[in-house]
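The structure under discussion appears below in the form of structure tokens.
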């Protein structure tokens, strides 16, 4: 049976990674004596520099490097995808830069143009270089029509807010090959357009198609399913999905983060702290640390929470800038930085969450009229998201529209298990404030 993706305007929530650099790889590159007749391009020399490491993926990288050096031309593309996998499991996006260099080396060696473009587009999309990624993806689909070609094109289009075009690309991917990758993307479309039940149905199809041969991808799909199930309110099912993700990849930080959020939602703060501390050690981005700090506060360890919050404050502006902006605006601190982060992010990706981030930062900075314009854009896709509803309600209240404020705050309250504890407290404060105003108006 043909699976159909809604063609309504959508935005894809991308997981995101942050570019941590490839300085480590660069340091291992030894000087090469130039020979105009035989010298390889810099990109080819860079990707063959030994990186070390004792994990299975590190051994795979070394094996592919040896094959390339030995003259196996097909190994260069496999090396690029091994770097992609290393980036995903290590949360070091510098390996995406190495994957991009593999694509450059493939092109320099006049290898298959389409294979090089797919690798380049994927690496650039993962690095959030969306305009360049779109150019590569569009050239790719003009040369051939494979499922992953349309998948990467859809990813970069949706991240930039070109959502109708992205939906068409995803539909083409599903038509060509209904499998884990296409089902997962279709599930995101359903969720982003407000169809939670459809998202769960499709993500279950994706998890059913997962394989131990690709544990990271399977873990990702189970983690996304867990978050959908948490939004539905079926916390036992959500925890089971996290367990399934961690059975595939025991050190998968996103699954630990999701599990920590679920434990917070069911008032098991101490258990959440243990889970979130592991997750934040593996992936110390603002999203992980913010969730951990809230869990520590709820568990009564305010001193340790303050230490974690100081680490968030010291985060680089390049480390998950959107979440950092959300955090600063929610805490009402360094608001000029919060606005700047969101504005810079919006120049690169015009999706729902980025408009929400800028709206929230502008509102915290007292620029409520501008905030209303951006929150309206964030709401235009019909996305059902508790944080989005909370922000919309508060911004409406700040603009003296209590009817809309109450409507959105009630929507946020209906799925408040998706909010962090500090956000749930903020929600309750504003619901009481709007209620008090209503009571005074009646008097």
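Observations on the model:
- Using R0 = 35 Å, the C-beta based FRET efficiency linking residue 428 and residue 347 works out to 0.50.
- Here the Gaussian network model covers the chain, with springs between Cα atoms less than 10 Å apart; of 295, 184, 131, 131 fluctuates the most.
- Relative contact order (%) - the chain, alpha-carbon pairs under 8 angstrom, separation at least six: 12 percent
- Residue among 51, 118, 341 with the largest mean-square fluctuation in a Gaussian network model of the chain, springs linking Cα atoms under 10 Å: 51
- Note on residue 108 and residue 49: their simple-model spin labels are 1.3 nm apart, each label 7 Å out from Cα toward Cβ.
- One Cα centroid belongs to segment 122-140, the other to segment 38-116; the line between them spans 18 Å.
- Point-to-point label distance, residue 307-residue 197, nm (Cα→Cβ direction, 7 Å offset): 4.8 nm
- Considering only 46, 324, 76, the mean-square fluctuation computed in a Gaussian network model of the chain, springs between alpha carbons under 10 angstrom, is largest for 46.
- Exposure proxy ranking, count of Cβ atoms within 10 Å, fewest first, for 129, 188: 129, 188
- A helix-only calculation puts the chain at -23000 deg cm²/dmol for mean residue ellipticity at 222 nm, using -39500 (n - 2.57) for each DSSP H run of at least four residues, averaged over all residues.
- Listed peptides 119-127, 237-245, 415-423 appear in the order 119-127, 237-245, 415-423 once ranked by packing, highest mean of other Cβ atoms within 10 Å at the front.
- Rounded if a/c under 1.5, otherwise prolate or oblate - segment 321-442, Cα gyration tensor axes: prolate
- Averaging the sequence gap over all C-alpha pairs within less than 8 Å and six or more residues apart, then dividing by the number of residues, gives segment 288-443 a relative contact order of 16 percent.
- Gyration tensor (alpha-carbon) shape descriptor, segment 106-170, a/c threshold 1.5: oblate
- Exposure proxy shown here: for 77, 319, the number of other Cβ atoms within 10 Å sets the order, fewest to most, as 319, 77.
- Here the relative contact order of segment 185-277, from alpha carbon pairs under 8 Å that lie six or more residues apart, stands at 20 percent.
- The chain shape via C-alpha gyration tensor axes, a/c threshold 1.5: prolate
- With R₀ fixed at 35 Å, the C-beta to C-beta distance from residue 267 to residue 138 puts the FRET efficiency at about 0.10.
- Spin-label model, residue 60 to residue 403: label points 7 Å out along the Cα-to-beta-carbon direction sit 5.7 nm apart.
- Distance from the C-alpha centroid of segment 265-332 to that of segment 409-438: 20 Å, rounded to the whole angstrom.
- Put simply, when 205-213, 375-383, 268-276 are sorted by average Cβ atoms within 10 angstrom per residue, most first, you get 268-276, 375-383, 205-213.
Only the coordinates and a few stated rules stand behind these numbers; no lab work does. This is a predicted model, so every value here is computed, not measured. Positions of Cβ are generated from backbone atoms using ideal geometry, with glycine treated the same way; all protein chains shown enter the neighbour counts.
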